[in-house]
Amino acid sequence: MKKYIFEALITLKNGILDPQGLATQKVLKRMKYPIDNVRFGKLITFEIQAKDNVEAEKLANEITYNSLINPVLENYELKLLKEIEA
Amino acid sequence: MIKAGIIVFPGTNCDRDAEFALKMAGFNVEYIWHDFENVKKYELLFIPGGFSYGDYLRAGALAKFSPIMKEVEKYVEEDRGLVLGICNGFQILTEAELLKGALTKNKSLKFICRDVDVKVINKKTPFSKYIKKEVLTIPIAHAEGNYYIENYDYLKERNLIAFEYLNNPNGSIGNIAGIYNEKFNVLGMMPHPERNSVKTLGNGDGLHILMSIRRSLENE
């Protein structure tokens, strides 16, 4: 078994209102920055034990899609950061 | 007496109000801790509001993995009774995909706590068929009550909209305050009927919904 460290980047889908992003954008605009489209997301990292990276990717996708995101509102991107020999 | 079970998660905080209101409506009431799995003996399951699991990850997102939710799913599938989710209960039901769509942050960025007027839309369900009023005044108290669904027509065509706000407080699509599932045995709504169940707490409009549920269950 090896350990795989993943990073899930979770973002709101287009068209979903992001009041946090809007509030931040308003403040930044008030400070005269030429800024638009501020959107908040989430970054979640986790370690998976698996026999190879195919299995690890499968598990990581399953966990992210089924448990970490709400598919009605959010998209995600998974990145394998590191593979560690156990 | 009709038996109602109030499901309690860590962080639920409207359970006592629910007990009071359900008793006022003539139910026999018990609490069910989320770790327990037996829900079969109840004719109504009440998922109250609050902040289950501290609203971590997303409101309602962690509660859906509690052992009891698998049983609730079966309960709905086998038509064993009715399920009513209020506020965080509604959020849990959408996260568990027992109801369509999702609840996201209020458009105003604010936590809103006040009375709102909602119109009864589908009047033919067990939850609504004995409600005589057209419009009910019921309190809301939420930061994430902005209902969203990609396919709004799906709800409209199947008559799944339970209540609509007269003045949309949170940005919900189509002014939606509450919806049903396709079998009409699950209702989720953001307003809190249990917080206006007697005249001392307002005008008692919330009781109409609970009374309709009880009468429907009795007449089944």
* Would you pick out the residues in the stretch B:144-161 that are within 14 Å of chain A (Cβ to nearest Cβ) and open to solvent by less than 40 Å² (accessible area, probe 1.4 Å)? -> B:GLY145, B:ASN146, B:TYR147, B:ILE149, B:LEU155
* So, of the residues in the stretch B:162-182 that are in contact (Cβ under 8 Å) with a residue 40 or more places away in the chain and in a loop (DSSP other than H, G, I, E, B), which turns out to be surrounded by the fewest Cβ atoms within 10 Å (Cβ to Cβ)? -> B:ASN167
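With the condition kept exactly as written, say whether any residue in the stretch A:5-20 is at positive phi and either among the basic types (Lys, Arg) or touching a helix residue (DSSP H, G or I) at 6+ places or on another chain (Cβ under 6 Å) (or both). Reasoning before the result, please.
Step one: filter the stretch A:5-20 for residues at positive phi, giving A:15.
When the remaining residues are screened for being either among the basic types (Lys, Arg) or touching a helix residue (DSSP H, G or I) at 6+ places or on another chain (Cβ under 6 Å) (or both), the result is none.
The answer is no, given that none of the residues of the stretch A:5-20 is at positive phi and either among the basic types (Lys, Arg) or touching a helix residue (DSSP H, G or I) at 6+ places or on another chain (Cβ under 6 Å) (or both).
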* To do: Say whether the condition of being within 14 Å of chain A (Cβ to nearest Cβ), free of Cβ contacts under 8 Å to residues at least 60 places away in the same chain and closer than 27 Å to A:SER67 by Cα is met by at least one residue in the stretch B:72-90.
  => no
* To do: Starting from residues that are touching a helix residue (DSSP H, G or I) at 6+ places or on another chain (Cβ under 9 Å) and more than 14 Å from chain B (Cβ to nearest Cβ), keep the ones in the stretch A:34-50 and report whichever is surrounded by the most Cβ atoms within 10 Å (Cβ to Cβ).
  => A:ILE48
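Looking at A:LEU9, is it farther than 18 Å from B:ARG58 by Cβ and either surrounded by fewer than 13 Cβ atoms within 10 Å (Cβ to Cβ) or not acidic (Asp, Glu) (or both)? Step through it out loud before you land on a result.
Values: farther than 18 Å from B:ARG58 by Cβ: no; either surrounded by fewer than 13 Cβ atoms within 10 Å (Cβ to Cβ) or not acidic (Asp, Glu) (or both): yes.
The answer is no for A:LEU9.
The values are calculated or read from the model by the stated rules, or taken from the named source; none is laboratory data. The structure presented is a predicted model; accordingly, all values stated were derived computationally and were not measured. Note that each Cβ is placed from the backbone with ideal geometry, even for glycine, and that neighbours are counted across all protein chains shown. When the accessible area is computed, the model is the full protein with side chains, heavy atoms only, and any ligands, DNA or RNA have been set aside. Shrake-Rupley method; radii C 1.70, N 1.55, O 1.52, S 1.80 Å.
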